[in-house]
1. What about residue A:18, is it farther than 25 Å from residue B:93 by Cβ and either among the aromatic types (Phe, Trp, Tyr) or modelled with pLDDT of 95 or more (or both)?
2. For residue B:47, all conditions in the list (1) more than 18 Å from residue B:8 (Cα to Cα); (2) without any contact (Cβ under 8 Å) to a residue 12 or more places away in the chain; (3) of a type outside the set (Phe, Trp, Tyr); (4) not in a helix (DSSP H, G or I) hold save one; what is the number of the exception?
3. Exactly one condition in (1) of a type outside the set (A, V, I, L, M, F, W, C); (2) in a strand (DSSP E or B); (3) surrounded by fewer than 19 Cβ atoms within 10 Å (Cβ to Cβ) is false for residue B:39; which is it?
4. Quick one: in segment B:88-109, which of the residues that are in contact with a strand residue (DSSP E or B) (Cβ under 6 Å, 6 or more places away or on another chain) and of a type in the set (A, V, I, L, M, F, W, C) is farthest from residue B:67 (Cα to Cα)?
5. If residue B:136 passes every condition in (1) in contact (Cβ under 8 Å) with a residue 12 or more places away in the chain; (2) at negative phi; (3) within 14 Å of another protein chain (Cβ to nearest Cβ); (4) surrounded by 21 or more Cβ atoms within 10 Å (Cβ to Cβ) but one, which one does it miss?
6. Could you tell me whether any residue of segment B:143-158 is within 13 Å of chain A (Cβ to nearest Cβ), at pLDDT below 95 and not in a helix (DSSP H, G or I)?
7. In segment B:1-47, what residues are charged (D, E, K, R) and more than 9 Å from every other protein chain (Cβ to nearest Cβ)?
Amino acid sequence: MKKRTPEEKLLDPRPGGNIAAASEYGIDLTQIVENLRLTPAERIKGNDQAVNSVLRFEEAMRREKAAKKSKTL
Amino acid sequence: MINLFEVARLLSQAGVKFVIVGGIAIRSHGGNYITEDLDICYDRTRDNLQKLADTLAPLNPRPRGFDEQLPFIFDWSTLQHGTNFTFKTSMGDVDLLGEVKGIGAYDDLVKDSIRVDLDGFATQILSIGGLIKAKEASGRPKDEPGLKVLYALLDSELDED
């Protein structure tokens, strides 16, 4: 029988295993598959980009709240 | 702007002896983990403390939660007088760990790590098995999702199916 690749195992987990357990827990295995297609450097840079996006979003929310507050004063 | 990749590159190119642990290590193995800090376990020899301090000093590290009005001197001696530190820097949060629960100090972590090429520089990253050991030993509820990812990654790499 042909040995399955990590990607194949993650996309079609065997019932009762740790991969299926992660999926049942709520882990999005497709995101892991996407990450595995990247180099380790790309994975870390992707983390930085994601965090910076969240920080930009939070900053925009803060500015919006401050603007609303100043309008009501 | 957060640039944890650049912090790792600076440390590596300065010849600092360290192993990446925590969320960035999980991420580098393929985990879908997002983290705001770079956790490293560092060698506590005098020479390494000096290199570590010299590399991070331009990033203006200050202990997180520390009163902004209070003076803080960051140099090798600061690092010598403690073991684990949580710093904020101009490139993001950097946690320095002298020891990692469940594994030990730098020399122990190196044995449990893999050397990974990161676009032109190489660095030690704690193995999936090592990360599992550390997270199981910490026993923190917040590590549960990370552990689930690590177990799945480990199983995906196993020969048996």
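1. Answer is yes for this residue.
2. With respect to (1) more than 18 Å from residue B:8 (Cα to Cα); (2) without any contact (Cβ under 8 Å) to a residue 12 or more places away in the chain; (3) of a type outside the set (Phe, Trp, Tyr); (4) not in a helix (DSSP H, G or I), residue B:47 is out only on (4).
3. (3)
4. B:109
5. All conditions pass for residue B:136, except number (4).
6. Checking segment B:143-158: at least one residue is within 13 Å of chain A (Cβ to nearest Cβ), at pLDDT below 95 and not in a helix (DSSP H, G or I).
7. Hits for segment B:1-47 are B:9, B:17, B:37, B:39, B:43, B:44, B:46, B:47.
A quick yes/no check of all residues on (1) closer than 28 Å to residue B:132 by Cβ; (2) of a type in the set (A, V, I, L, M, F, W, C); (3) in contact with a Lys or Arg (Cβ under 7 Å, 6 or more places away or on another chain); (4) more than 14 Å from chain A (Cβ to nearest Cβ):
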| site | (1), (2), (3), (4) |
| --- | --- |
| B:50 | no, no, no, yes |
| B:53 | no, yes, no, yes |
| B:64 | yes, no, yes, yes |
| B:78 | no, no, no, yes |
| B:84 | yes, no, no, yes |
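The values are calculated or read from the model by the stated rules, or taken from the named source; none is laboratory data. Just so it is clear, the structure is predicted and the values come from calculations on it, not from any experiment. For neighbour counting, all protein chains shown are included, and Cβ atoms are generated from backbone atoms with ideal geometry for every residue, glycine included.
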